[in-house]
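Coordinate-derived values only; no laboratory data. All figures in this text were calculated on a predicted structure; none of them were measured in a lab. Backbone-built Cβ (ideal geometry, glycine too); neighbour counts: all protein chains shown.
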Amino acid sequence: MMDTIIVSLAVTAGIFGLAGVPLRCWQFATGQFRSQIPPYALARATFSLFSLLILVPNALAWTYSLFTAFRDIGCASDCVQAGIASTIAVGLLGCAYVLLEGFLLAARRRRGSLTGGSRQLTRD
């Protein structure tokens, strides 16, 4: 039962990834995330490195899932298990897309001031 739920979630994320990966590639290419990254040199360098390391496998998984989907459509009645390969490819795309969105969520978050705020500790 748990395996079915995990596979269903991966395939569902892959369906969202079919539209989300080209959108994220376009946002990276146009530099829309540059203003949301902290202005530190180390933060910008790690964002550039890890975005490349995560975005390239996403683009490859997106291409492979489209390739297998078109191949499965071409052999609809001739193949015994038509659709299995494209489902697996979309599930793999979903796993990669969840990693991409998790990376973007972590990279774009803002840290609050360590000394400011309303809850400062004082000693009486």
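Before moving on, here are some points about what is shown:
- Gap separating the Cα centres of region 4-24 and region 30-56, nearest whole Å: 23 Å
- Counting beta carbons within 10 Å around each of Tyr40, Tyr64 and listing the fewest first gives the order Tyr40, Tyr64.
- Relative contact order of region 26-89, defined on C-alpha pairs under 8 angstrom at six or more residues apart (%): 21 percent
- Computed extension gain for Arg109 through Ala59, at 0.36 nm per residue and net of the alpha carbon distance, reaches 15.6 nm.
- Counted residue by residue at 0.36 nm each, then reduced by the alpha carbon distance between them, the extension gain from Thr12 to Cys25 reaches 2.7 nm.
- Distance (nanometres) between label positions extended 7 Å along Cα→Cβ at Asp3 and Ile84: 1.4 nm
- Full-extension gain in nm, Ala45 to Cys75, via 0.36 nm per residue minus C-alpha separation: 6.2 nm
- Among the cysteines of the chain, Cys25, Cys95 have no other cysteine beta carbon within less than 4.7 Å of their own.
- Cβ crowding within 10 Å averaged over residues, with 46-58, 85-97, 12-24 ranked highest first: 85-97, 12-24, 46-58
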